[in-house]
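The values are calculated or read from the model by the stated rules, or taken from the named source; none is laboratory data. Since this is a predicted model, take the numbers as computed values, not measurements. Cβ atoms come from the backbone with ideal geometry, glycine included; neighbour counts cover every protein chain shown.
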Amino acid sequence: MPSSPLTRRTLLAASGATLATGLLPARAAGLAPTPTMRGGANNYRPGAPIVERIGGGGFWMSGTVRRAGDGAPLEGQRIQIWAHTTEGHERDARSHGATLTNAKGEFRLEMPQIVPAFGQAHAHLAYDSAEFETVFLRPLMDSPRDTSLEAHFVLKPV
């Protein structure tokens, strides 16, 4: 049987990227865990409450949580989110909140518009439960005018 030609689509599928056609990410054996990002833990507040929304909303923070190795989606995982927004600084308690992942390992939380702090528009996210190793992320926005940002976690069991 002839092998399939190597295309951008097959490369994306092999890497686990979600394609515009709606295909699910590949579950590659040996999927590496997400490393903690430098500056990700700045102004972290242990135990931030699970909320339906942070402040007045208008900006969407979303992403996925998968298990290292097999890439299986992780349901019920707590993700804390905080940022410098139009309603408060990232050090303010009112700028922090947490949400849980659904059965597909997806999370989504509405919050006020993120604004630049120290010249960069960015968010902070943390996975900090006992089942997997703690990971802090600090993704940058392409533009301060963006109204959404994604972050993806691949977690390693403790």
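With the structure loaded, tell me whether A48 is at pLDDT 95 or above and either over 21 Å from K156 (Cβ atoms) or within 13 Å of the chain's Cα centre (by Cα) (or both) or whether it fails that test.
Numbers: at pLDDT 95 or above: no; either over 21 Å from K156 (Cβ atoms) or within 13 Å of the chain's Cα centre (by Cα) (or both): yes.
No; evaluated as a whole, the condition is false for this residue.
Can you tell me which residue is nearest to I79 (Cα to Cα) among those in the range 119-158 that are among the polar types (S, T, N, Q) and in contact (Cβ under 8 Å) with a residue 24 or more places away in the chain?
If we filter the range 119-158 for residues that are among the polar types (S, T, N, Q), which is where we start, we get 120, 129, 134, 143, 147-148.
With the extra rule that they be in contact (Cβ under 8 Å) with a residue 24 or more places away in the chain, the set shrinks to 129, 134, 147-148.
Values: S129: 9, T134: 11, T147: 19, S148: 16 Å.
Result: S129.
Any residue in the range 37-60 that's on the phi < 0 side of the Ramachandran plot and assigned by TED's automatic domain parsing to the domain that holds H96: show its pairings with residues that are part of a strand (DSSP E or B) and loosely packed, with under 15 Cβ neighbours inside 10 Å at Cβ separation under 6 Å, as long as the two are six or more apart or on different chains.
W60/S148
Please determine whether any residue of the range 97-105 is under 15 Å from L155 (Cα atoms) and of a type in the set (K, R). So that I can check it myself, show each step before the final result.
Step one: list which residues in the range 97-105 are under 15 Å from L155 (Cα atoms), which gives 100-101, 104-105.
Within this subset, residues satisfying the condition of being of a type in the set (K, R) are 104.
Looking for residues that are under 15 Å from L155 (Cα atoms) and of a type in the set (K, R), one finds at least one in the range 97-105, hence yes.
Could you give every pair whose Cβ atoms fall below 6 Å, whose first residue belongs to the range 65-79 and is acidic (D, E), and whose second residue is buried (at least 21 other Cβ atoms within 10 Å of the Cβ), counting only separations of at least 6 or pairs across chains?
Going by the 6 Å Cβ cut-off, the qualifying pairs are E75/T101.
Between G55, G76, G97, G63, which is in a loop (DSSP other than H, G, I, E, B), surrounded by 13 or more Cβ atoms within 10 Å (Cβ to Cβ) and at pLDDT 95 or above? So that I can check it myself, show each step before the final result.
Details: G76 fails: surrounded by 13 or more Cβ atoms within 10 Å (Cβ to Cβ); G97 fails: in a loop (DSSP other than H, G, I, E, B); G63 fails: in a loop (DSSP other than H, G, I, E, B).
Selected residue: G55, the only one of G55, G76, G97, G63 that is in a loop (DSSP other than H, G, I, E, B), surrounded by 13 or more Cβ atoms within 10 Å (Cβ to Cβ) and at pLDDT 95 or above.
Sort out which residues of the range 115-155 are in contact with a Phe, Trp or Tyr (Cβ under 6 Å, 6 or more places away or on another chain) and either surrounded by 20 or more Cβ atoms within 10 Å (Cβ to Cβ) or farther than 17 Å from G97 by Cα (or both), and write them in order of number. Quick ask: steps written out before the conclusion?
Step one: filter the range 115-155 for residues in contact with a Phe, Trp or Tyr (Cβ under 6 Å, 6 or more places away or on another chain), giving 124, 126-127, 135, 147-148, 153, 155.
Result: H124, A126, Y127, V135, T147, F153, L155.
What's the number of the only condition in (1) at pLDDT below 95; (2) part of a loop (DSSP other than H, G, I, E, B); (3) of a type in the set (A, V, I, L, M, F, W, C) that A41 fails to meet?
(1)
Out of all the residues in the range 98-112, is one or more more than 20 Å from T36 (Cβ to Cβ) and acidic (D, E)?
yes
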